[in-house]
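Accompanying notes for the structure given below.
The values are calculated or read from the model by the stated rules, or taken from the named source; none is laboratory data. Values in this document were obtained by computation on a predicted structure and should not be read as measured data. Positions of Cβ are generated from backbone atoms using ideal geometry, with glycine treated the same way; all protein chains shown enter the neighbour counts.
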Amino acid sequence: MFALALPTSQMFAQEQTNNDPWEPLNRKTHALNDFADRWVLRPVAVGYDTVTPGIVQDGIGNFFDNLGTPGVAINQILQGKPRLAASDTGRFLLNSTFGIAGLIDIASRVGLPAHSEDFGQTFGRWGIDSGPYLVVPFRGPSTVRDAIGMGFDTLLNPLRLVDHEPTRYSMLAASIIDTRASLLSAEDLISGDEYVFIREAYLQRRHFLITDGVVEDDPFLDDFDE
């Protein structure tokens, strides 16, 4: 629910404000999500973090990260990154076998690092505009493009293949709780208007991921170079 990147300039902040024409509705949805998080999800995540040993949390996180790796590889292929797709495919095979279904991240130890790719990023690489900023109920910050991408990402989620509904929903709940627990330490980073902070951090983080960390020239910095 919380993004970790910080905005780097007032110019960027103004750009994101202009990208939020639905702010009144988004703020209401943000308040709803915050209420649900404060009274339900966060207490459960705190309890999970308190009673679950770190090594177990690492294993659970590794397991769910491994489940998402095939989707990452597919998006890398769609983005024209065959070498990374091959790397992450090898990562998935290695961790799924020698890593005991992904509980142990063997691949990172042998030089196959994890990557993050999804359909929102793929659409961005294809030149599709992000559209307005959008807060998704019970999901958090997004954009129109990323929200549509979430639907495609869901189709690639291996949990959909689990026929036993109680097991499938239990695994989904475990994934959500584990993700929320991993963000507890990020709460102290939030300052000022929480809605604005999360919006700008999310949008900057997504831009960073879509451009693979390539920072565009800042006209303000160019002025100093002249």
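Looking across the range 114-132, just one residue is more than 15 Å from the chain's Cα centre (by Cα) and among the β-branched types (Val, Ile, Thr), and that is Ile128.
Filtering Ile55, Ile100 for residues that are without any contact (Cβ under 8 Å) to a residue 24 or more places away in the chain and under 19 Å from Leu159 (Cβ atoms) leaves a single hit, Ile100. If you go through the range 65-93 and keep only what is over 17 Å from the mean Cα position of the chain (by Cα), in a loop (DSSP other than H, G, I, E, B) and among the small types (Gly, Ala, Ser), you end up with just Gly80. The set of residues in the range 59-101 that are touching an Asp or Glu at 6+ places or on another chain (Cβ under 7 Å) and either within 18 Å of Leu172 (Cβ to Cβ) or at pLDDT below 95 (or both) comprises Ile60, Gly61, Asn62, Phe64, Thr69, Gly71. Yes or no: the range 126-134 includes at least one residue that is part of a strand (DSSP E or B), in contact with a strand residue (DSSP E or B) (Cβ under 8 Å, 6 or more places away or on another chain) and modelled with pLDDT of 95 or more. Yes, the range 126-134 contains a residue that is part of a strand (DSSP E or B), in contact with a strand residue (DSSP E or B) (Cβ under 8 Å, 6 or more places away or on another chain) and modelled with pLDDT of 95 or more. Quick one: Gly192 ticks every box in (1) outside any helix (DSSP H, G or I); (2) more than 30 Å from Thr50 (Cβ to Cβ) bar one, so which box is it? The number of the failed condition is (2). Residues considered: Asn95, Asn33. Of these, the only one that is under 27 Å from Phe152 (Cα atoms), touching a residue at least 60 places away in the same chain (Cβ under 8 Å) and polar (S, T, N, Q) is Asn33. In the range 29-49, of all residues being over 20 Å from the mean Cα position of the chain (by Cα) and of a type in the set (Gly, Ala, Ser), the one that is nearest to Ser175 (Cα to Cα) corresponds to Gly47.
Residues checked against (1) in contact with a Gly (Cβ under 6 Å, 6 or more places away or on another chain); (2) in a loop (DSSP other than H, G, I, E, B); (3) at pLDDT below 95:
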position: Phe138; (1), (2), (3): no, yes, yes
position: Pro141; (1), (2), (3): no, no, no
position: Thr154; (1), (2), (3): no, no, yes
position: Leu159; (1), (2), (3): no, no, yes
position: Asp163; (1), (2), (3): no, yes, yes
position: Ile176; (1), (2), (3): no, no, no
position: Ser185; (1), (2), (3): no, no, yes
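Being touching a residue at least 40 places away in the same chain (Cβ under 8 Å), under 17 Å from the mean Cα position of the chain (by Cα) and within 23 Å of Asp49 (Cα to Cα) is a property that Glu187 has.
Within the range 100-123, the set of residues being in a helix (DSSP H, G or I) and over 12 Å from Asn62 (Cα atoms) comprises Arg109, Phe119, Gly120, Gln121, Thr122, Phe123. Screening Arg180 with (1) among the basic types (Lys, Arg); (2) surrounded by fewer than 18 Cβ atoms within 10 Å (Cβ to Cβ); (3) under 26 Å from Thr52 (Cα atoms) gives one miss only, at (2). One residue alone among Asp65, Asp129, Asp88, Asp105 is among the charged types (D, E, K, R), within 20 Å of Ile210 (Cα to Cα) and in contact with a Gly (Cβ under 8 Å, 6 or more places away or on another chain), and that residue is Asp65. Of all residues in the range 71-111, those satisfying the criterion of being within 25 Å of Gly124 (Cα to Cα), of a type outside the set (A, V, I, L, M, F, W, C) and surrounded by fewer than 17 Cβ atoms within 10 Å (Cβ to Cβ) are Gly80, Pro82, Arg83. Filtering the range 37-51 to residues that are among the small types (Gly, Ala, Ser) and surrounded by fewer than 13 Cβ atoms within 10 Å (Cβ to Cβ) leaves only Gly47.
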